[in-house]
Structure formats: C-alpha cells, structure tokens
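Working notes, beginning with the structure itself.
The values are calculated or read from the model by the stated rules, or taken from the named source; none is laboratory data. Every value quoted in this text rests on a predicted model; they were computed, and no experiment measured them. Because the Cβ atoms are built from the backbone with ideal geometry, glycine has one as well, and the counts that use them run over all protein chains shown.
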Amino acid sequence: MNLYFSPLACSLATRIALYEAGAPAKFTQVDLKTKRVLASGQDFAEINRLLQVPALAIDEQAVLTENTAILQFVADRFPEAQLAPTSGLQRARMLQWLGFITSELHKAIYTQLLDRKAPDAVKEYSRAKIPSRFALLEDHFATHEFALDKFSIVDAYLTTILNWSGASGVDLKQWPAVNGYFQRLLRRPAVARAMNEELALYQEEQRHRTS
C-alpha cells in the first residue's frame, strides 16, 4: 500500500491508523500548492482527480480516496489491530462519529477557518457552529476515554482534526474534557510518532517555500 499524503493534513489520520496496526506501507508526499508528487514531480491529478489527500494506492490498479473510506479499509484489512467494530450498534456508532467529524468539524468548521481565501462572513458562519459541536464533544469526553469503547479509527481522525485548532484560532482549553482527550491522545505512541514525523516534514516544507 502507498499512502499519498501532505504533512499534517487529514491524511495524517491514515498514517496513525497504519502505525497502530503495524501495517507495512509506503508514504508518498504530495505538495498541495503545486499539486504534484514531491519526489517524482508527477501530476497528482493522475492519482486523484480532485487533488486531495489522502489517496491510498492499494495496488497498481486500485486507488482509494476519501478519508472515511480509507480509514475503514485499513481497519478491515488489519482486523487484529481492532481499530473498528465489525458489526452491530458499535459499528453504527463508528459511522456516526466519522460522519460527524467529516461534516460537522472538518468541512463545516476547520476547512473554512483555515482557508485564507474564505470571506470573513464565511468564517463567522463557521465559528457560529463551534459552540454546539464542541458542547457535544465535551459532554462525551467528560465520561469517555475514547470516542468508542476503545481506541479506533475515529480517534485517529478526530485527533488529526483537533490538531488544526491552534492554526484556526480554536482554543481547546474552553472545553477541558476535549482538551484532556486531545492531550492524552498526543501521548499515545502511534499518534506521537505520526505527529512528530509529519511536523518535521511540514516544517521542512515551509522552509523550502520561504527560501
């Protein structure tokens, strides 16, 4: 498998999942500014026509896109890691969480706040959604260690999205349970490894752009 990623983008969630599973994988960096594969210069549109990470090349013929699909594929491909419930209410809860993170946090809030071209009115509209969404998270993590009964791909995705809070002006300290969850997950070995590696790559990318 080959994960096409950009440092600290939402593709980080798949790196975390792969590390949690101890899965063999290749990681290929994409420059989202130039829309090219960094090492080869290949037009990333040849991999994913929407020019978005993550994209997971499973083999020479099959490429999977969309974060929630890739995360579930990794979890199902390596069941011994127990990164996703396999059936019943817990599986449905997992899908509920993935949908919430994608639509209510990733796209509705953070994407807009991080977009330098988004009009102020759009950013204010997104900020108005923060209290209700984070109140839900706060209530949950006040009594739960993880999103589900144990660490899962949901936590890999949520930790990745919450990591954008500083850059988007969202102060997690307003929600002590959410902040406690995030800080706890950052200390998890697979998460710490993935975060540290991609932070170094991100910093190198920024130095290259400003040099």
When (1) in contact (Cβ under 8 Å) with a residue 40 or more places away in the chain; (2) small (Gly, Ala, Ser); (3) part of a helix (DSSP H, G or I) are applied to Gly180, the one that fails is (1)
Being buried (at least 21 other Cβ atoms within 10 Å of the Cβ), in the same structural domain as Gly180 (by TED's automatic domain parsing), among the hydrophobic types (A, V, I, L, M, F, W, C) and in a helix (DSSP H, G or I) narrows it down to one residue among Leu158, Leu136; which is it? Leu158
Among residues of region 95-132 being surrounded by 15 or more Cβ atoms within 10 Å (Cβ to Cβ) and among the hydroxyl-bearing types (Ser, Thr, Tyr), the residue nearest to Pro85 (Cα to Cα) is Thr102
Quick one: which of Ala17, Ala57 is touching a residue at least 40 places away in the same chain (Cβ under 8 Å), outside the structural domain of Asn163 (by TED's automatic domain parsing), surrounded by fewer than 22 Cβ atoms within 10 Å (Cβ to Cβ) and not aromatic (Phe, Trp, Tyr)? Ala57
Does at least one position in region 192-208 carry a residue that is part of a helix (DSSP H, G or I) and under 25 Å from Arg91 (Cα atoms)? no
